[in-house]
Amino acid sequence: MAVALALGACSGGDDDEAPPAASPPAPTDTAERPGPDVTRYVALGDSFAALGPTDAPTSGPEACLRSTRNYPSLLAGDIGPGEFVDATCGGARTVDMTAPQIPETPPQFDALTADTDLVTLSIGGNDIGFGDIVGCVVRAPRVADGAPCRERLDVVTSDALAGLPGRLDAVYAGIRERSPDARIVTTAYLPLVPEHGGCDFVERMSPGDVDWSRSVTERINRVVVDAADRAGAEAVLPDDAASRNACAPVAERYTDFTGIETASHPMHPTAAGHRAMAEAVADVL
C-alpha cells in the first residue's frame, strides 16, 4: 500500500600515509550526527500529522486533537529548532491552508513567515474523502463477492484524486510565496491494510473492498509524491512502513484499526508510527 522511500547516505575515507599511532579513533555506531541548523520549523497538515497517542496532552484548538507527541513535536525535539510552530489539525483539507478550518482559528498558512526555513506537510487524505472511505469499509456488511464500498465511492474518490494534483500544486506555491527559503518535507500516508493477506479485522471486510483500500492508498501516495517532486520538496515514508501496517504485531504497528491495543486514534498512526515518521524526516535533513 505504501510508496517505499529508502533514505540514507554513507561516507568514508582513508589516510594511507599516516602512521598507525597518529591515526584518529575509528568512528563508532554510537557517534552522534550533527543535527540541522533550523531557525523556524512550521508543521502543516491533517490528522496523520496532528493526532498522537490518546494519552498525550494536546495543544491548540480542542477540535484539532493536536498532540504534543505527534511526529512534528518529536521531530522538533530531535532537531532543536530555534522556534517550532505546530499548525496541524485533524480533518484538515488543502482549502484549510488559506481559510479558517475552525471558527476563530487562523488558516494554517498564517503560521508561515519569511524566516521559516523548515516546513513539514501532510495533506490530501481528507480531500479525497478519507473519513467516508473508512466509515464505509468499517460498517458495510461483508460480502464474499463484490465490493460495496468501491461501488458506492470509487467514482467520487477517483474524481477527487484527479483534482488533487492541482490543489497540492497550489499548496506548494502558497508555501513558497510565504516562506521562499523553506525546505519542505512531505510525509506520505502510512498504510493500514497489508499488501498481502490480512488479520481478523481485515477478514471482516469484503475482499473486494480490501483490494480497493490498498489501491486508494497507493494512488494517493503516488499523487502526493509526484506533487512533492514537482515542487522541489522531499517526500518521505519509513522504509519499513509496508510491513508495519495495522495487521502487524501490536508492538510493531505504525498504524492501528481500532487504536485500543496501541493507545492511538482509530485508523491513524500509533506512537511507533509517529516516531518512525519523525526519524524518516530527520534522516533527509
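Worth pointing out:
- In summary, the convex hull built on the alpha carbon positions of the range 65-178 has an orientation-averaged projected area of 9.3 nm².
- Stretch in the chain that is longest and holds no GluC sites (Glu not before Pro) that DSSP places in a loop and that have at most 13 other beta carbons within 10 Å: 105-194
- Each part gets one Cα centre, and for the range 32-106 versus the range 155-207 those centres are 17 Å apart.
- Accessible surface of the chain [probe 1.4 Å, protein heavy atoms]: carbon and sulfur percent: 51 percent
- For the chain, the per residue solvent-accessible surface stands at 48 Å², with DNA, RNA and ligands left out and a 1.4 Å probe.
- With the whole protein complex present, Asp200 retains an accessible surface near 120 Å², based on a 1.4 Å probe.
- Annotation for Ile260 and Ala140: the two label points, set 7 Å from Cα along the Cα-Cβ direction, are 2.4 nm apart.
- The accessible area of Arg93, taken with all protein chains in place and a 1.4 Å probe, comes to roughly 110 Å².
- In the frame of its principal axes, the chain has Cα extents of 74, 43, 37 Å, reported largest first.
The values are calculated or read from the model by the stated rules, or taken from the named source; none is laboratory data. Everything numeric here is computed off the predicted structure, so don't read it as measured data. For neighbour counting, all protein chains shown are included, and Cβ atoms are generated from backbone atoms with ideal geometry for every residue, glycine included. Ligands, DNA and RNA are excluded from the accessible area calculation, which covers all protein heavy atoms including side chains. Shrake-Rupley method; radii C 1.70, N 1.55, O 1.52, S 1.80 Å.
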